[in-house]
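J.: Sharing a structure with you now.
Read-outs: derived from the displayed coordinates by stated rules, not from any lab. Everything quoted here is computed from the prediction, not taken from an experiment. Cβ coordinates were reconstructed from backbone atoms using ideal geometry, including for glycine residues, and neighbour counts include every protein chain displayed.
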């Protein structure tokens, strides 16, 4: 056995999975950073994103053979899905969370769980509970690089997720609105004193987080099925990734997501954890992190404010 | 002289505790006005009310001829109960856009952001990049220590440096009225002196009207033209700062003489 190439094989698989987790984890962490609230409907946004993408892609593709057009159609479908979910995220915030901003912390959390049920049940009602498959946007014949088997889907997933993360990081670090988002997450009252419209920043945060979830949903749809509750487990794991990385910390969500993807893959492939127990890996890691470093890998231990 | 800020009969409550009781005062354009008083007298509450962070139970606040805050009246549908609704006519960000900058109590710097990023946030309302760059250079000239530390995270700055940064951040939007909440709190006497000198320059050279709240009564009265004394949420004395420095009551209660 070429154990080195085997290692890289699993690393590649782990990175692909981790890139998707990271994209979704970003939505949890950005919203938490500003509102100190876990948006439990976030996983269902990725499901909506996958459905939008699937329908738009099918409509655009028609009977065209795999080629430049089908790939372009996939990218267009992704953009439409991002826009759709971005708007959906903003609307959900306005309708379900904003009126509860001054309520107890439990209230928006319950509202989020309600939104989650509404989204998944609406999808089941409108599209049926049977799972669908996104048609391939291009040939997915695997290629072998130095003993490592790579599928074109994996390359696309890696490229898209990493480009999205880099663009987000540049936006947050360098643009006027990106800095305003950071300022708002650090100190909302003082951000207002600077003339920052905090409501606008919150809307933008939901729009960006949801658009990233839409991308995550479409990337999942490349290799897995699309069905109304597809966001539940993935969303939960991405949430774990955000906590592991340090919730509220953008880089932490990226690190946590990628780490979780790699550990899940390695757990099954190298440490021999049965496939059926794969999902327990994420939660096992969560328990360990909460015991050892509750603020997460990159999170800062928060002093209780007096 | 033109009244830039007029506070007329305002009251603010925290639950059953009345923090401000029918306070009236004004700030003339071009002046440095100070408000002195003991800890808990309601000084910070007054500044928060001006920027729309505390709802008014009664009264109005007028800035530059425009009503910026007023009280919502008793709600008859709530059985005559006083509803603590958020009453400012404008929200804090809109008041800031009108040219009022508050340097809040405890400085409230964005600790995880660099000095330069903090200044960028102060200029959030300015949409002209060239002007922002020019303003930043002015601030680095005016507070050289900030220029030296522009790429450092603000949390690594000393208290005095953070206070200067908070003032510089407030000046980035070229405000007409600068509100300062205890700029000397917790700082060494020499640093306080330095900061008060800067405030005088900001007032004289940049023509910024200043309203400052201080526990350090001597420092504040020496630095200002007009002064108010607050006790238990009420204004008990109002006079020129020079007269207040000579006032026996003030000398006994606030200057320790």
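J.: Go ahead and estimate [θ] at 222 nm for chain B from helices alone: -39,500 (n - 2.57) per DSSP H run with n ≥ 4, summed, over the residue count, rounded to 500.
T.: Roughly -10000 deg cm²/dmol at 222 nm, from the helical runs in chain B.
J.: Sorted from fewest to most neighbouring beta carbons within 10 Å, what does the list B:69, B:34, A:85 look like?
T.: Numbers: B:69 23, B:34 27, A:85 31.
Ordered by Cβ neighbours within 10 Å, fewest first: B:69, B:34, A:85.
J.: Okay, moving on. In whole percent, what relative contact order does chain A give with Cα contacts below 8 Å and a gap of six or more residues?
T.: 36 percent
J.: Indicate, rounded to the nearest 5 percent, the antiparallel portion of the DSSP beta bridges found entirely in the protein assembly as shown.
T.: Working: 28 of 47 bridges.
If I count the DSSP bridges inside the protein assembly as shown, around 60 percent turn out antiparallel.
J.: Now a separate question. Give me the inter-chain shielding for B:46-57: mean count of other chain Cβ atoms within 10 Å, whole number please.
T.: Rounded to a whole number, the mean comes out at 1.
J.: Would you compute, from DSSP H runs of 4+ residues alone, the mean residue ellipticity of chain A at 222 nm, taking -39500 (n - 2.57) per run and dividing by the full residue count, rounded to the nearest 500?
T.: Working: 11 runs with 217 residues, N = 306.
Calculated from helices alone, the mean residue ellipticity at 222 nm is -24500 deg cm²/dmol.
J.: If the chain between residue B:150 and residue B:130 were fully stretched, how many nm would it gain, using 0.36 nm times the residue separation less the Cα-Cα distance?
T.: Difference between extended and current length: 5.4 nm.
J.: By how many nm would the segment from residue A:232 to residue A:189 lengthen if fully extended, with 0.36 nm per residue of separation less the alpha-carbon distance? Before the final figure, lay out each step's value.
T.: Working: separation 43, 0.36 × 43 = 15.48 nm, distance 3.43 nm.
Roughly 12.0 nm would be gained on extension.
J.: Kindly express, to the nearest 10 degrees and within the range 0 to 90, the angle between helix A:230-245's C-alpha long axis and the longest C-alpha principal axis of chain A.
T.: 60 degrees
J.: On to the next question. Using only Cα atoms, locate the centre of the range A:229-279 and the centre of the range B:33-66, then give the distance between them in Å, rounded to an integer.
T.: 50 Å
J.: Next question. Taking only Cα atoms, what is the 0 to 90° angle, nearest 10, from helix A:106-127's long axis to the longest principal axis of chain A?
T.: The helix A:106-127 is inclined about 40 degrees to chain A.
J.: Which residues does the label zone of residue A:127 cover in the range A:42-70, counting backbone N under 13 Å from a point 7 Å along Cα→Cβ?
T.: From the range A:42-70, the list is A:44-59.
J.: Follow-up question, since we're still on this one. Residue A:142 versus residue A:75, label points 7 Å from Cα toward the beta carbon: distance in nm?
T.: In this crude label model, residue A:142 to residue A:75 measures out at 2.7 nm.
J.: Further question: Can you give the mean number of other chain Cβ atoms that lie within 10 Å of the Cβ atoms in peptide A:183-189?
T.: 5
J.: Neighbour counts of other C-beta atoms within 10 Å: give me A:34, B:36 arranged from fewest to most.
T.: Ranking A:34, B:36 by Cβ neighbours within 10 Å, fewest first, gives A:34, B:36.
J.: Also: Could you tell me how many degrees, from 0 to 90 and to the nearest 10, lie between the Cα long axis of helix B:129-142 and the main elongation axis, the longest principal axis, of the Cα atoms of chain B?
T.: Value to nearest ten degrees: 90.
J.: Another question about this same structure. In nm, to one decimal, how far is the modelled label at residue B:174 from the one at residue B:255, with both set 7 Å along Cα→Cβ?
T.: Distance between label points: 3.9 nm.
J.: For B:124, B:211, which order do you get if you count the other beta carbons within 10 Å of each Cβ and list the fewest first?
T.: B:124, B:211
J.: Further question on the same structure: Could you tell me the calculated FRET efficiency between residue A:199 and residue B:137, based on Cβ-Cβ distance and R0 = 30 angstrom, to the nearest 0.05?
T.: 0.35
J.: If I model a spin label at residue B:238 and residue A:60 as a point 7 Å from the Cα along the Cα→Cβ vector, what separation in nanometres do I get?
T.: It is 6.6 nm.
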